[in-house]
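Novice: Please read through the structure below; I'll follow up with questions.
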Amino acid sequence: MRKKIVAGNWKMNTSLSEGVALACEIDRLVKKNKINHETGIIIAPPMTHTALINMVIDNDRICIAAQNCACKEEGAFTGELSASILKSAGCKAVIIGHSERRAYYSETDEILKKKVNIVLTNKLRPIFCCGEQLEERKKNNHFEIVKNQIVNAIFDLSKNDFSKLIIAYEPVWAIGTGVTATAEQAQEMHAFIRKIVENKYGKIIANNLTILYGGSVKPTNAKEIFAKPDVDGGLIGGAALKADNFYKIIREA
């Protein structure tokens, strides 16, 4: 049975002290309430926080992810952070291809392909994001858009490497807008993603692939969304910045 995962993407939020306090409170709630160990928990704080947070939480229970990484291994790339640097700071996973990176920093499928490969080479787990804009959904192009994002960036991987990925489907029109895809819309796209993966890599890899939903997930709608057979948890934005809300979402996975 594939693993349920709830991941919190903090984005560019929290000071160092706020971030440490938030991580400690999430850690406390998870321990106090004995959250099912079958549910994976990931937090992606700003990189300035990572090493310190790694020292104060149970990092066997809560995995730390980076929100991005460089597409180069090392060198004269001012301001960038390589996968090996992220690993040394305690990261075990890396979010790749978030819609904000694609939109604001012009990350192409080719760049994302390089990042995925570098992350895997450094024995970190990629969380690969895909999703359509509102105009693309209105034109009924959403399946083709998501398929192309996946095929162009990660379908060159071997079966072994692909099996290490997490995919996160995030309809761009539902990120931070308060608008959420219906549970049925999420299920429809997740089932579609699983099918194209099956066509490429076979039923076993497709059935074991964890696919997360992201886009205005809250404690009030998490249960309905996570109950769908092809939704394996969530990549959570705003609700991950409050420990109690994030804990309540984890509890529904």
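The values are calculated or read from the model by the stated rules, or taken from the named source; none is laboratory data. Being a predicted model, the structure only gives us computed values, none of them experimental. Virtual Cβ from ideal backbone geometry, glycine too; neighbours counted across all protein chains shown.
Novice: Do you know which of the residues in the range 147-159 that are surrounded by 14 or more Cβ atoms within 10 Å (Cβ to Cβ) and β-branched (Val, Ile, Thr) is farthest from Trp173 (Cα to Cα)? Steps first, answer last, please.
Specialist: Taking the range 147-159 and keeping what is surrounded by 14 or more Cβ atoms within 10 Å (Cβ to Cβ), we get 147, 149-150, 152-155, 157.
Restricting the remaining residues to those that are β-branched (Val, Ile, Thr) gives 150, 154.
Details: Ile150: 19, Ile154: 23 Å.
In this case the residue turns out to be Ile154.
One line per residue, one yes/no per condition, for (1) surrounded by fewer than 16 Cβ atoms within 10 Å (Cβ to Cβ); (2) touching a Leu at 6+ places or on another chain (Cβ under 9 Å); (3) of a type in the set (A, V, I, L, M):
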| site | (1), (2), (3) |
| --- | --- |
| Leu124 | no, yes, yes |
| Leu134 | yes, no, yes |
| Ile145 | no, no, yes |
| Tyr201 | no, yes, no |
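Novice: Can you pull out the helices (runs of 4 or more DSSP H) entirely within the range 182-236 that have at least 2 residues that are in contact with a strand residue (DSSP E or B) (Cβ under 7 Å, 6 or more places away or on another chain) and under 21 Å from Phe162 (Cα atoms)?
Specialist: 183-201
Novice: OK, next. Exactly one of (1) closer than 23 Å to Gly214 by Cα; (2) at pLDDT 95 or above is unmet by Leu134. Its number?
Specialist: (2)
One line per residue, one yes/no per condition, for (1) farther than 22 Å from Asn140 by Cα; (2) buried (at least 20 other Cβ atoms within 10 Å of the Cβ); (3) over 16 Å from the mean Cα position of the chain (by Cα); (4) touching a residue at least 40 places away in the same chain (Cβ under 8 Å):
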| site | (1), (2), (3), (4) |
| --- | --- |
| Thr177 | no, no, yes, no |
| Ala183 | no, no, yes, yes |
| Ile193 | no, yes, no, yes |
| Ile204 | yes, no, yes, no |
| Ile211 | no, yes, no, yes |
| Gly214 | no, yes, no, yes |
| Ala222 | yes, yes, no, no |
| Phe226 | yes, yes, no, yes |
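Residue by residue, here is whether (1) on the phi < 0 side of the Ramachandran plot; (2) touching a strand residue (DSSP E or B) at 6+ places or on another chain (Cβ under 9 Å); (3) of a type in the set (Lys, Arg) holds:
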| residue | (1), (2), (3) |
| --- | --- |
| Ala7 | yes, yes, no |
| Thr14 | no, no, no |
| Val20 | yes, no, no |
| Ala23 | yes, yes, no |
| Lys34 | no, no, yes |
| Ala44 | yes, yes, no |
| Met47 | yes, yes, no |
